[in-house]
1. Residues in region 87-111 that are outside any loop (DSSP other than H, G, I, E, B), touching a residue at least 40 places away in the same chain (Cβ under 8 Å) and crowded, with 18+ Cβ neighbours inside 10 Å: how many?
2. Determine if region 141-153 includes at least one residue that is touching a Phe, Trp or Tyr at 6+ places or on another chain (Cβ under 8 Å), on the phi < 0 side of the Ramachandran plot, surrounded by 15 or more Cβ atoms within 10 Å (Cβ to Cβ) and at pLDDT below 90.
3. What's the total number of residues in region 43-63 that are modelled with pLDDT of 90 or more and farther than 15 Å from MET113 by Cβ?
4. Any residue in region 140-159 that's over 10 Å from ILE58 (Cβ atoms): show its pairings with residues that are among the hydrophobic types (A, V, I, L, M, F, W, C) and in a helix (DSSP H, G or I) at Cβ separation under 9 Å, as long as the two are six or more apart or on different chains.
5. Identify the single condition in (1) touching a strand residue (DSSP E or B) at 6+ places or on another chain (Cβ under 9 Å); (2) at pLDDT below 90; (3) over 28 Å from GLU135 (Cβ atoms) that LEU94 does not satisfy, given that it satisfies every other one.
6. Which numbered condition in (1) of a type in the set (D, E, K, R); (2) over 21 Å from SER164 (Cβ atoms); (3) modelled with pLDDT under 90 is the only one that ARG66 fails?
Amino acid sequence: MRYLLATISLGLSFGTINGTAAAEPVTIYEAMQQLRDREIQSVDGVSVLGDPLISGQIKGQGFRLRLTDCGDIDTGCKVTAFSACKTVATFTRLQSLEMANAYNNRDHPRGSMYVNNSNDAGAVLCVRNRRLLQEEDRFDMSDVFDWQLTLRDFVEFVEAEETSDIVRSIMGASR
């Protein structure tokens, strides 16, 4: 079995080295269908300045999928970037930056967290998962599943920090 896997792996590598494998750019229609096939709610798409933008919801949390490095609408795009944001009204900007650093410095963070300062309602924490389709890559269910896990981890992390902050304020402890 080990030899069979090594042979298959070598064959795949050889095809890539010779340039026979190429990335499959994804169109807005294909990406929307992948999301719908995974039962993502409220999937809708538009083209903003030539770059397709898809929105949807997973368990009530909204997200966007921006496709960039595109040919035309029918040839597809080579870069996918999922993102989602969550407002945390009780956090200061400094607390938000500390939380983003803590998230990004974990051993194996899913996506990258950042602070979006465009909202006056409080801190807005966001997570992004960007991927360049290269070699034999194609946008498929594994990308959607990875985003679902990224979004789940992000929401759980932020909610745990909110809960800890509430407990600390009740107990009179500082961060």
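1. Of the residues in region 87-111, 3 are outside any loop (DSSP other than H, G, I, E, B), touching a residue at least 40 places away in the same chain (Cβ under 8 Å) and crowded, with 18+ Cβ neighbours inside 10 Å.
2. No, every residue in region 141-153 fails to be touching a Phe, Trp or Tyr at 6+ places or on another chain (Cβ under 8 Å), on the phi < 0 side of the Ramachandran plot, surrounded by 15 or more Cβ atoms within 10 Å (Cβ to Cβ) and at pLDDT below 90.
3. Going through region 43-63 one residue at a time, the tally reaches 14.
4. Partner pairs satisfying both residue conditions: ASP143/ALA31; PHE157/MET99; PHE157/ALA102; VAL158/MET99.
5. (1) is the only condition that LEU94 fails.
6. Just one mismatch for ARG66, condition (3).
The values are calculated or read from the model by the stated rules, or taken from the named source; none is laboratory data. Just so you know, these numbers come straight off a predicted model, no measurement behind them. Using ideal geometry, Cβ is built from the backbone for each residue, glycine included, and neighbour counts are taken over all protein chains shown.
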